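See below for the structure under consideration.
Where a number appears in this text, it was derived from the coordinates with a stated rule and is not lab data. All values reported here derive from a predicted model rather than from experimental measurement. No Cβ is skipped: glycine too gets one built from the backbone with ideal geometry, and neighbour counts run over all protein chains shown.
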Amino acid sequence: MQMIKKMVLSETFPGILLIFFTFLALLCKNSSLSVIYTDFFHANFTVGFDHFQISKSLDLWINDGLIAIFFLCIGLELKYEILRGQLKNIRAVSLPIFGALGGMITPALIFIAINYSHDFAMKGWAIPTATDIAFAVGILMLLGNKIPTSLKLFLLSLAIFDDLGAIVIIALFYTDQLSALAIIICLFCIFALLLLNYYHITHLSLYVLVGVVLWIAMLKSGVHATLAGVIISLFIPLDTKNKKPYLHEVLKDLNPWVVYFILPLFAF
């Protein structure tokens with residue numbers, strides 16, 4: 001029993017879990033279970049009441065909803081490192097930013113160079129700009145302490161900046177219509193989060209309440225809803241009024257849900 005507990009709590013186990021569920025998904029998709037697998041993840045799930053309802057397939061609930069919580073965790077880690085950790089120095093934080101820019105621009109240029117004569121294919125120029133941050137994190141966890149913390153931090157920072165850039169590209173070039181009302185609600189939510197942070201309020205339920213409204217508004221606006229997770233992370237205080245660590249406590253509570261449930265489900 002102790003051996004199982006030690007394995008589950010090890011640094012590499014979440015990465016192993018992610019890879020396992022990835023292979024399990026490939027097995028299901030390429031076997032006689034394919035129809036059941038596809039129907040299950042494409043089945044519609046409705047949340048709400050009366051005229052206010054959100055109806056999405058299960059895979060979209062995972063990709064737009066649960067992954068927003070993953071982005072919240074990544075955003076909190078990045079915020080701590082920028083304010084108090086290894087990315088405090090402007091040079092240190094500029095490296096992953098420029099790395100992310102290079103990681104977006106170079107693949108896009110290669111794609112354009114290969115497909116410039118095909119009008120239909122050119123519509124997909126933004127596809128290679130994105131980094132699958134969930135799998136990037138999974139590989140980092142799989143390597144455990146075999147790679148330096150500074151390298152992990154660099155790759156994590158690069159992946160999130162790259163994903164944020166991809167979200168902006170999707171919003172600017174691939175969204176047919178943005179909802180002005182939803183964007184206004186998003187701005188009100190951001191202002192509410194700003195007030196919570198300014199008055200150093202550390203009641204997590206308030207951040208959850210505003211965060212849910214922000215996520216729904218972001219979903220309705222036409223902008224990728226996972227961005228809500230990053231925005232919320234910007235406003236969660238580092239410490240309580242008594243100077244006790246708060247951000248790390250939030251991370252500590254969220255992290256098991258992310259690595260043992262959300263990421264494996266996303267991979268599957």
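Amide H contacts of residue 57 (H built 1.01 Å from N, in plane; Pro and chain starts excluded): 45 sit under 5 Å, all sequence-distant by 5 or more or on other chains. Available extension along the chain between residue 149 and residue 53 is 30.2 nm, counting 0.36 nm per residue and deducting the alpha carbon span. In plain terms, the chain from residue 121 to residue 22 could stretch by 32.8 nm, reckoned as 0.36 nm per residue minus the Cα-Cα distance.
Counting only helical runs of four or more DSSP H residues, what would the 222 nm mean residue ellipticity of the chain come to if each run contributes -39,500 (n - 2.57) and the total is spread over all its residues?
On the way: 13 runs with 178 residues, N = 268.
So the calculated ellipticity at 222 nm is -21500 deg cm²/dmol.
By the count of other C-beta atoms within 10 Å, a proxy for reagent exposure, 149, 226 are ordered fewest to most as 149, 226.
Note on residue 30 and residue 101: the model spin-label points, each 7 Å out from Cα along the C-beta direction, lie 4.0 nm apart.
Checking the cross-link pairs 123/252; 123/220; 88/243; 88/241; 123/152 against a 31 Å limit on the alpha carbon distance flags 123/252; 123/152 as lying beyond it. Remark: region 240-250, residue by residue, has Karplus-estimated 3J(HN,Hα) of 7, 4, 8, 6, 8, x, 10, 4, 5, 5, 4 Hz, where x stands for each Gly or Pro and the curve is 6.51 cos²θ - 1.76 cosθ + 1.60 at θ = phi - 60°. Compactness check for region 160-264: Cα Rg over 2.2 N^0.38 Å is 1.16. Placing unit charges on each Cβ (+1 for Lys and Arg, -1 for Asp and Glu) gives region 136-268 a dipole about its Cα centre, and among 235, 173, 189 the Cα reaching farthest toward its positive end belongs to 235.
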